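So the structure is just underneath, and the comments pick up after that.
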């Protein structure tokens, strides 16, 4: 799997609710995704030499996982959600 994560054609597909689900539920699912990723990464990561960028990514994921406030159903809320979702598609790749 690590070899696949370091390949040039790697893409991350987030298993999240569809766009017709209320924004608050989709935002909560992003937090849950981060929690699951961090748990899996923590269980399997054996190399102690994380780059500064990697450490920052893990801190970002931990912060996203802790977000309790629901995003407002608005264009700004939707934009914020999409921005975080796009970051989460790239963030795991920065760890490998």
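What follows draws every value from the coordinates through simple rules; no lab data is involved. Computed from a predicted structure; not experimentally measured. A quick note on method: Cβ atoms are made from the backbone with ideal geometry, for glycine too, and the neighbour counts reach across all protein chains shown.
Things to note:
- The chain: angle of helix 75-90 to the longest principal axis, Cα-based, in degrees nearest 10: 10
- Rounded to the nearest 0.05, the FRET efficiency derived from the C-beta distance between residue 82 and residue 51 at R0 = 25 Å is 0.40.
- Rg to Rh quotient for the chain, alpha carbon positions, Kirkwood Rh: 0.99
- The angle between the Cα long axis of helix 23-44 and the main principal axis of the chain comes to about 10°, on a 0 to 90 degree scale.
- Look at the alpha carbon pairs under 8 Å that are at least 6 residues apart: their mean separation over the length of the chain gives a relative contact order of 42 percent.
- Approximate spin-label separation residue 89-residue 44, in nm, with each point projected 7 Å along Cα-to-Cβ: 2.1
- Fewest-first ranking of 25, 52, 78, using other Cβ atoms within 10 Å as the exposure measure: 52, 25, 78
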